[in-house]
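*Asks:* Below you'll find the structure I mean.
Every number here is computed from the coordinates shown, using simple stated rules; none is lab data. Just so it is clear, the model here is predicted, and its values are computed rather than measured. Because the Cβ atoms are built from the backbone with ideal geometry, glycine has one as well, and the counts that use them run over all protein chains shown.
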Amino acid sequence: MPSASSRDPSAPHPHPGLSPEATPLGPSDPPSGFVPPTWASELTACEGGWPCPSAWSPSLGVAPASKGKQGKVGTQRCRVWARSPPAPGTDPCVSLQREDRGPRQQLPCPPDALGMASGAPQQNGQTAEETPGFLDTLLRDFPAPLSPESPLPWKVPGPVLTLEEVEGELAEVAMGFLSSRSAPPPLAACLAHEAVSQLLQSDLSEFRKLPEQEEEDGDRGDRAEEKAPVTLLDAAGLARSLFDRLWQACGQWQQQVPAAARAPQRQWLVSAHAIRNARRRMEDRHVCLPAFNLLFGLEDSVDRAYFAVFDGHGGADAARYASVHVHAVAARRPELAADPAEALRAAFRRTDEMFLWKARRERLQSGTTGVCALIAGNTLHVAWLGDSQVLLVRQGQAVKLMEPHRPERQDEKDRIEALGGFVSHMDCWRVNGTLAVSRAIGDVFQKPYVSGEADAASWELTGSEEYLLLACDGFFDVVPHQEVASLVRSRLAGPQGSGLRVAEELVAAARERGSHDNITVVVVFLRDPQDLLEPEPDAPRS
């Protein structure tokens, strides 16, 4: 990839609609004028060296796999990119790692790491101050709706979508586009909701794909189970209509921004890091969505934030699908207000059903385990499927919240055998001699032995909790629960102890202990990290 210095600055930008101030992304340069969202974990640059939203798949904080041929597409992962130079005396660097290997690049850290890493305003007025400039810039770069011949500024989510998939897929597209242009996260969530909801309320019949069109486009064959049992909609047409509605909303909000987009949001400090490690492909995905209510237009008095890790196998399709749809389905479940844990459990089940239909139609064989946490007010709700796990640390002690689903569990073994399957040991315990997990979304050829039924539970938060840690088995297979608290504390006590680098250092610790799998760690701080270094009031001081 050409560096920023080697590319001709007078050359035309290969992707219309990007800010003209955006500079090429070279091997050692952070982009200027192009800032990934604080909850996104990977940016893909196009071959020409420009930050490229059409080649980027942010997936609401998901860490996508690399695209293109080796050497043609550059990949970077980070937790946060500074929007401004660091203030004097502040932590000078945030680490960024290229291709999971090689030298680490130092980027400036924002003056207020807590606000910046959370995806919430640094102060109550930050979003209000940034909003006019963001809207002005976007409308300057896109002075009119796209013509039918103009390329879309994002990747279309497949050839067709079912009606049930539309909200999740288009919300991902809109959030990715807006945050790639440095939209304040609350504003991005509100704009995405406005555009998607307006589209869903319109007449969608113009996007309907006729059966013969769908068969010709997809070459799906004549097997009965592969013929669509539901209406299929043209994804490209929906994506283009979404942009028009997004453009219209920006024009209207340029005059008056709705109160919801200007309201102060709870600040979250979230540290997330993911690496491919020794595996050929990156199949993990993770989601950090503090603006859950804003994205789905929930207007009750309960604050909600959503975090998840999905560990794919046999490809990344199932993990990517789950990372887009589990929270979208949960947001529309009738149980969300009264029983959020049940809403999450039902969302896993429904997402599995949706993906299985897609997998049969598109010949997909992948699957994914998953764990998610929804913090609603002062209550923590978790749901899990497979061996991805969530851990709560309270007063320096790890609190076990769940029992992962593994084939060697006696109840899982009994369930599988009752269905006619078997569990055998081949380097590890496996279902029918193949999969090392007993529950997952997807794995169409292992249903019903590999179940899509999640478990869920809830806990009241008392204020003594310090943080949540969500991770895949690439971490928990080598790091015992009881060692997590000491590892985090030692990292917080170090010279870069703001909390932003904790996930990266935990991933490094797992790798040093011999993990060869993909590793993803998300740490959600429930208290200021520096407070965790202080002894408890009743603890003896040394």
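*Asks:* Using Cβ contacts closer than 10 Å as the measure, can you line up 234, 528 from fewest to most?
*Replies:* Ascending number of Cβ neighbours within 10 Å: 528, 234.
*Asks:* Follow-up. Hey, can you grab everything whose amide H is under 5 Å from the amide H of residue 232? Only 5+ residues off in sequence or another chain; H modelled, so Pro and N-termini drop out.
*Replies:* Those lying under 5 Å, H to H, from residue 232 are 209.
*Asks:* Something else: Check each of the trypsin sites (Lys or Arg not before Pro) in segment 332-378 and keep only those in coil by DSSP with at most 12 other C-beta atoms within 10 angstrom; list them in order.
*Replies:* Qualifying residues, ordered by number: 363.
*Asks:* Here is a follow-up. Do any GluC sites (Glu not before Pro) in segment 440-542 lie in a loop, going by DSSP, with at most 15 other beta-carbon atoms within 10 Å of their beta carbon, and if so which?
*Replies:* Qualifying residues, ordered by number: 453.
*Asks:* Quickly work out the residue 513-to-residue 162 label distance, labels modelled 7 Å from Cα along the C-beta direction, and quote it in nm with one decimal.
*Replies:* Output for this residue pair reads 3.9 nm.
*Asks:* Another one. Give a quick list of chymotrypsin sites (Phe, Trp or Tyr not before Pro) in segment 399-457 that DSSP marks as loop, anything other than H, G, I, E or B, with at most 14 other Cβ atoms within 10 Å.
*Replies:* 422
*Asks:* Assigning unit charges at the beta carbon (Lys, Arg +1; Asp, Glu -1) and nothing else, what dipole magnitude in debye, to the nearest 20, does segment 332-462 show about its Cα centre?
*Replies:* Using only the charged Cβ atoms, the result is roughly 440 debye.
*Asks:* Could you give me the ³J(HN,Hα) list for segment 238-253, computed from phi with Karplus coefficients 6.51, -1.76, 1.60 and θ = phi - 60°, whole Hz, x at Gly and Pro?
*Replies:* Karplus values, whole Hz, x for Gly and Pro: 5, 5, 5, 5, 4, 4, 4, 6, 5, 4, 5, 5, 4, x, 5, 6.
*Asks:* Which shape class applies to segment 129-262: rounded if a/c is under 1.5, otherwise prolate when a/b exceeds b/c and oblate if not, where a ≥ b ≥ c are the square roots of the Cα gyration tensor eigenvalues?
*Replies:* It comes out prolate by the Cα gyration axes.
*Asks:* Please give the contour-minus-distance gain from residue 378 to residue 302: 0.36 nm per residue of separation, less the Cα-Cα distance, rounded to one decimal in nm.
*Replies:* 26.5 nm
*Asks:* Separate question: Which entries of 209/358; 155/358; 155/447; 413/447 have Cα-Cα distances beyond 25 Å here?
*Replies:* 155/447
*Asks:* Within 10 Å of each residue's Cβ, count the other Cβ atoms and sort 375, 519 from fewest upward.
*Replies:* Exposure proxy ranking, most exposed first: 375, 519.
*Asks:* Here's a follow-up. Where does each of 190, 472 land when they are ranked from fewest to most other beta-carbon atoms within 10 angstrom?
*Replies:* Starting with the residue having the fewest Cβ neighbours, the order is 190, 472.
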